[in-house]
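All remarks here apply to the structure that follows.
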Amino acid sequence: MDLQGIKRIREVNPVVVNYANFVTPFLVANGLNAVGASPIMSEEESEAEELVRLASAVTINLGAVRREGWADIETLCQAANDQQKPLVLDPVAVGATQYRQQLNFRLLKKYQFDVIRGNLGEIAVLAGIDWQTRGIDAGNGEGDAHQVVKACAQKYHNVVIASGATDYISDGTRVVEIHNQTRLLPAVVGSGDLLSSLAAAFCAVGPNPLQAAINASLTLSCAGERITEKLHDQYLPGSFLSGLMDELANITVAQVEERMKVEE
Amino acid sequence: MDLQGIKRIREVNPVVVNYANFVTPFLVANGLNAVGASPIMSEEESEAEELVRLASAVTINLGAVRREGWADIETLCQAANDQQKPLVLDPVAVGATQYRQQLNFRLLKKYQFDVIRGNLGEIAVLAGIDWQTRGIDAGNGEGDAHQVVKACAQKYHNVVIASGATDYISDGTRVVEIHNQTRLLPAVVGSGDLLSSLAAAFCAVGPNPLQAAINASLTLSCAGERITEKLHDQYLPGSFLSGLMDELANITVAQVEERMKVEE
Amino acid sequence: MDLQGIKRIREVNPVVVNYANFVTPFLVANGLNAVGASPIMSEEESEAEELVRLASAVTINLGAVRREGWADIETLCQAANDQQKPLVLDPVAVGATQYRQQLNFRLLKKYQFDVIRGNLGEIAVLAGIDWQTRGIDAGNGEGDAHQVVKACAQKYHNVVIASGATDYISDGTRVVEIHNQTRLLPAVVGSGDLLSSLAAAFCAVGPNPLQAAINASLTLSCAGERITEKLHDQYLPGSFLSGLMDELANITVAQVEERMKVEE
């Protein structure tokens, strides 16, 4: 397992272009900045090609897309695929509306995404497995998490992260479980969005999408655990958010190695 | 007085759909999340009907609406009225421009809002009472706060919150004053937006809009007082914001009862 | 040197209208609020003229502009020039794409900006001096900072701030260097955007754009130094951001005088 990704991000400062939703871009930008990546956000089609040229990876977050934005997103995806830059999809609340499903399936049909990051409910929808979803929550339902992430990764020939109390990561063959967690990550709206963009940053420094996904998940959840411990496990979402940025800026490979709980 | 609303929110986790402005959605989403509600933000007309179906309440914030957004807003309002979901209006800076007045009065004519939350200057504009306003500030002017909130509530057959150093809440007959306050709430841009969305969350768990408005006001102002005391009443807007999220996540009915200053 | 600007801002509470990007408006709004100004954000052409009438200064931030926004921006700029309200430009990442250069040069040709605030790479692009830029970073390149800011100020007949480890400020004749700094300011995405809007707030209270630019730079960097010291110089971006708002709300003229390092 190659856990040196965070070191490479801090050396290389990869530019990550984000098609962001308007709710969490400040969190995502500052989280990327904290780990050492260089965020740029844009919604304008005419600069997409050039921005992707500057970038080392691209994240598409579908949290709040207006119909007018579809062309912008497609141009970004096309540029990422043409230029062979890693492309990450965050299918926010895809289970909530027909509109979101239409947009997600359209993009997944036309473009190759290297990583998809959602909660288990969202991943199930993309995999075509019945799973109850409700808005931005993970939903509860039948089905086995391993089966869901594996099916989704096989369907789209990529790496899938289903994040939650346990993060399930699959490349269609293997399924890796990350058991590091804190109940405070879900207390921050946008922590999932940040994980998606972190996955893009880690993809930018290799060695492959599966390892990048694992590193992104470990970095966020171990940073979260560290600040949760400093808060003596109190449920303090405001203090946690502030401290999470502090931890992301300082977390080391050794600290991740020390506390990581990875199962396969 | 039924102060159990916060307990019910934490049990039910009501989904609140927000038409948000682009300045404060992160604060609003995290504030809703902190109290136990489940926020979703959208600006896309084609998913409005479905989102409202998932939701238990809807907030329309007019802080930064482009002309292109009018149809999206109207579709959300229509869906909320059709589906009899509580609908809350935040008429941000309605006194500042003709454009804002046009939009507000159009919506208030076509749709039934259960709660309107603004500062006294904004509420006066909606009530048709002369009151000096300037941008996002409350303004100073002649007139009696009781008369203003009562007139507004009577005009629109709903519940009105005029928030400020004192929160005045009326259903057109009664006027309730909430005297809990901290000078730090106005120090956070978006604390009013948050109060509006909290009102929607409390409407979702009943028993009626008046009580929901009172509970929203008490929850935010008592949480604000608690963190202000922990900061030894120092004027520290950054620490306050972070601490406010912590308090909203933990405040209990007993803590509200202990410090509430309600007059009628 | 007139350092009383911060006192005047707290007395007058000038309204600053911002055409903001969607990533950092919450930071900018709260930073303006913390120093005592009154922020308003809008993207709607039809209210531009009226909002500028209410305002004492206008900031145009080009961090994430869609083609559809050009008309809105031009209407704001025209209103500011017509009404002789100070107008500030933030040419975010102008070096990154042709699209951004097109928009920036179009605005600079048609409207008179009183202050331009960018990093050295961005200012060099506007000055027409070759300088390597990459996304939102300052870039490295040949050339002398004094020459760059002076040339830019001469070209556009205004005051230019090139912010970074040292802030270089020029009115085309003089070049003032502000050596107060902390490595934590660049750790916050949007600290540059905030500086641009602070420059507008200081322009609103005079005595002239050069002094306003110096005061804005000193206020932000001295506040940054103060909180950095309280954090014992640890690299903690989350704690820094929260503490920066606290400091901006409380910093005094005497505290700035005590630590300012200004060279000319």
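The values are calculated or read from the model by the stated rules, or taken from the named source; none is laboratory data. From a predicted model like this one, the values you see are computed outputs, not experimental measurements. Cβ coordinates were reconstructed from backbone atoms using ideal geometry, including for glycine residues, and neighbour counts include every protein chain displayed.
Conditions (1) in contact with a helix residue (DSSP H, G or I) (Cβ under 7 Å, 6 or more places away or on another chain); (2) on the phi > 0 side of the Ramachandran plot; (3) among the charged types (D, E, K, R), marked per residue:
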residue	(1), (2), (3)
C:Ala223	yes, no, no
C:Ile227	yes, no, no
C:Gly243	yes, no, no
C:Arg259	yes, no, yes
C:Glu263	no, no, yes
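Which number in (1) surrounded by fewer than 24 Cβ atoms within 10 Å (Cβ to Cβ); (2) within 12 Å of the chain's Cα centre (by Cα) marks the one condition that A:Ile214 misses?
That leaves (1) as the condition not met.
(1) at pLDDT 95 or above; (2) in contact with a strand residue (DSSP E or B) (Cβ under 6 Å, 6 or more places away or on another chain): which one isn't true of C:Glu264, the others all being true?
Of the numbered conditions (1) at pLDDT 95 or above; (2) in contact with a strand residue (DSSP E or B) (Cβ under 6 Å, 6 or more places away or on another chain), the odd one out for C:Glu264 is (1).
Could you please give the count of residues in segment B:43-64 that are more than 7 Å from every other protein chain (Cβ to nearest Cβ) and within 23 Å of B:Asn119 (Cα to Cα)?
Residues of segment B:43-64 that are more than 7 Å from every other protein chain (Cβ to nearest Cβ), as a first pass: B:45, B:48-49, B:52-53, B:55-63.
Okay, now just the ones that are also within 23 Å of B:Asn119 (Cα to Cα), so B:57-63.
Counting residues in segment B:43-64 that are more than 7 Å from every other protein chain (Cβ to nearest Cβ) and within 23 Å of B:Asn119 (Cα to Cα) gives 7.
Taking A:Ala223 as the residue in question, decide whether it is within 14 Å of chain C (Cβ to nearest Cβ), over 30 Å from B:Val15 (Cα atoms) and in contact (Cβ under 8 Å) with a residue 24 or more places away in the chain.
On the way: within 14 Å of chain C (Cβ to nearest Cβ): yes; over 30 Å from B:Val15 (Cα atoms): no; in contact (Cβ under 8 Å) with a residue 24 or more places away in the chain: yes.
In short, no.
Can you pull out every residue in segment A:23-41 that is surrounded by 22 or more Cβ atoms within 10 Å (Cβ to Cβ) and either without any contact (Cβ under 8 Å) to a residue 60 or more places away in the chain or touching a Lys or Arg at 6+ places or on another chain (Cβ under 7 Å) (or both)? Please lay out each step first, then the result.
Initial filter on segment A:23-41 (surrounded by 22 or more Cβ atoms within 10 Å (Cβ to Cβ)): A:23-35, A:37-41.
Scanning segment A:23-41 gives A:Pro25, A:Phe26, A:Ala29, A:Asn33, A:Ser38, A:Ile40, A:Met41.
Of all the residues that make up segment C:227-250, how many are touching a Lys or Arg at 6+ places or on another chain (Cβ under 8 Å) and more than 11 Å from C:Leu184 (Cβ to Cβ)?
Here the count works out to 1.
Working only within segment A:89-120, note down all residues that are in contact with a Pro (Cβ under 6 Å, 6 or more places away or on another chain), in a helix (DSSP H, G or I) and away from chain B (no Cβ under 14 Å).
If the condition is that a residue be in contact with a Pro (Cβ under 6 Å, 6 or more places away or on another chain), in a helix (DSSP H, G or I) and away from chain B (no Cβ under 14 Å), then no residue fits.
If you check B:His232, B:His179, which single one turns out to be touching a strand residue (DSSP E or B) at 6+ places or on another chain (Cβ under 9 Å), farther than 22 Å from B:Ser38 by Cβ and surrounded by fewer than 24 Cβ atoms within 10 Å (Cβ to Cβ)? Show your work before the answer.
On the way: B:His232 fails: touching a strand residue (DSSP E or B) at 6+ places or on another chain (Cβ under 9 Å).
The conditions single out B:His179.
Of the conditions (1) surrounded by fewer than 23 Cβ atoms within 10 Å (Cβ to Cβ); (2) more than 14 Å from chain B (Cβ to nearest Cβ), C:Asn250 fails just one. Which one is it?
If we test C:Asn250 against (1) surrounded by fewer than 23 Cβ atoms within 10 Å (Cβ to Cβ); (2) more than 14 Å from chain B (Cβ to nearest Cβ), just (2) comes out false.
All but one of (1) touching a strand residue (DSSP E or B) at 6+ places or on another chain (Cβ under 9 Å); (2) more than 18 Å from A:Leu32 (Cβ to Cβ) hold for A:Leu218; state the number of the condition that does not hold.
A:Leu218 satisfies every listed condition except (2).
So which residues in segment B:2-42 are within 9 Å of another protein chain (Cβ to nearest Cβ), among the aliphatic types (A, V, I, L, M) and touching a Leu at 6+ places or on another chain (Cβ under 9 Å), if there are any at all?
Listed by number, the residues that qualify are B:Val15, B:Val17, B:Leu27, B:Val28, B:Leu32, B:Ala34, B:Ile40.
What is the number of the single condition among (1) touching a residue at least 60 places away in the same chain (Cβ under 8 Å); (2) more than 8 Å from every other protein chain (Cβ to nearest Cβ); (3) within 15 Å of B:Gln234 (Cβ to Cβ) that C:Val262 does not meet?
(3)
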